[in-house]
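Contents: one structure, followed by commentary.
Rule-based calculations on the coordinates, nothing more; no lab input. As the structure is a prediction and not an experimental result, all values here were calculated from the model. All Cβ positions, glycine included, derive from the backbone under ideal geometry; neighbour counts span all protein chains shown.
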């Protein structure tokens, strides 16, 4: 492969177009590519520090860098001061001397070009990896808009800002059917990276996801007028949320539900119609248990340490317990009392 100005310029501009990188980044990668190929074709420079310079006219010059020292320790990287002065009179000890080693006919063999191509490919991957990490590192605990691009038997592949991300089974809304092409929101819990991979830890199944959705829909939460005190959730089934108001005249439940139920319907649509109950905070534990078991009508509640004996008519028990005993489970989580229905 001949390394003339036109071929270098064409390669750089093509990489800029394909990867949308800064031209100067691409230029540095191309220098690494030429350096790698040159060392492959000229093994006598394998241990040498080789520098590549590309001029404004795209002409390529290759230099061997030597450090000026008193006594040579390694002739591939060192040169004595007397020898260095033969090349450049004003050079001093410990300075770097560049020696032009550009071949008269600058071209790479097929094998060298292939090896160099692997180098440039790896460097491009590294840049993409770092760019991906920088894009998301400041978005932890934020909602991200995603599009479903593929559904496997257990995992869902999402497109998030032009990057493919996997929503694992444990972090999906249980029983939800994800459709290719639909747009959803996910919560970015964490972004992590190691030597090879960057992982976006995303979820739809936690209480944090519920809170993030609510904060997106209800501005009074961000304004501090309404506060979320506690959330208990059985993902895909039911969620109960204790809320309070910092302003006496503001009804927190009404604010969360919205005019003509518009806010609650928006939230439910994003949660695949998972049932949500809003419960206004009270410091009275008996009243709190009553509120958590609504709409069931409670006859009496007896507290014994951290246990609550709830007496209720037979025709109200189904509403108090609800499907999968979710009402009892969530009320227990919210109140801290072990609830027993009698």
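Which residue fluctuates most in the GNM of the chain (Cα springs below 10 Å): 184, 120, 79? Maximum among the listed residues: 79. Within the chain, the proportion of C-alpha pairs whose separation exceeds 35 Å stands at 52%.
Counted over the chain, the DSSP beta bridges are approximately 80% antiparallel.
Our analysis of segment 143-203 gives Rg over Rh at 0.95, with the two radii drawn from alpha carbon positions and Rh computed by the Kirkwood formula. Sorted largest first, the spans of the alpha carbon positions of segment 59-210 along the three principal axes are 79, 35, 25 Å. Of the residues 260, 150, 329, which exhibits the maximal mean-square fluctuation in a Gaussian network model of the chain defined by a 10 Å Cα contact cut-off? Of the options given, 260 has the highest mean-square fluctuation. Fully extending the segment from residue 297 to residue 190, taken as 0.36 nm per residue of separation minus the present Cα-Cα distance, adds 34.2 nm.
Across segment 220-342, the fraction of Cα-Cα pairs farther apart than 17 Å, rounded to a whole number, is 58%. Note on residue 318 and residue 118: their simple-model spin labels are 6.9 nm apart, each label 7 Å out from Cα toward Cβ.
Between 165, 68, 257, the Gaussian network model of the chain with springs among Cα atoms under 10 angstrom shows the greatest mean-square fluctuation at 68.
Of the beta bridges in segment 284-342, as assigned by DSSP with both residues counted there, near 55 percent are antiparallel. Extension gain, residue 197 to residue 14: 0.36 nm times the residue separation minus the Cα-Cα distance gives 63.3 nm. Using helices alone, I'd like the mean residue ellipticity at 222 nm for the chain: each DSSP H run of four-plus residues gives -39500 (n - 2.57), total over residue count, nearest 500. My calculation for the chain gives -10500 deg cm²/dmol from helical runs alone.
Segment 29-70 and segment 226-305 have Cα centres lying 69 Å from one another. Helix 23-41 axis versus longest C-alpha principal axis of the chain: approximately 50°, rounded to the nearest ten.
A simple spin-label model places the labels of residue 305 and residue 247 4.5 nm from each other, with each point 7 Å out along Cα-to-Cβ.
Is the shape of segment 206-281 best called rounded, prolate or oblate, per the rule: a/c under 1.5 gives rounded, else a/b larger than b/c gives prolate, else oblate, with a ≥ b ≥ c the square roots of the Cα gyration tensor eigenvalues? Note, shape of segment 206-281 comes out prolate. Using R0 = 22 Å, the C-beta based FRET efficiency linking residue 175 and residue 333 works out to 0.60. If the chain linking residue 134 and residue 152 were pulled fully straight, counting 0.36 nm for each residue of separation and taking away their Cα-Cα distance, it would gain 3.6 nm. Label point of residue 273 set 7 angstrom out along Cα-Cβ; within segment 222-264, amide nitrogens under 15 Å from it belong to 236-238. Relative to the longest principal axis of the Cα atoms of the chain, helix 110-136 runs at roughly 30 degrees.
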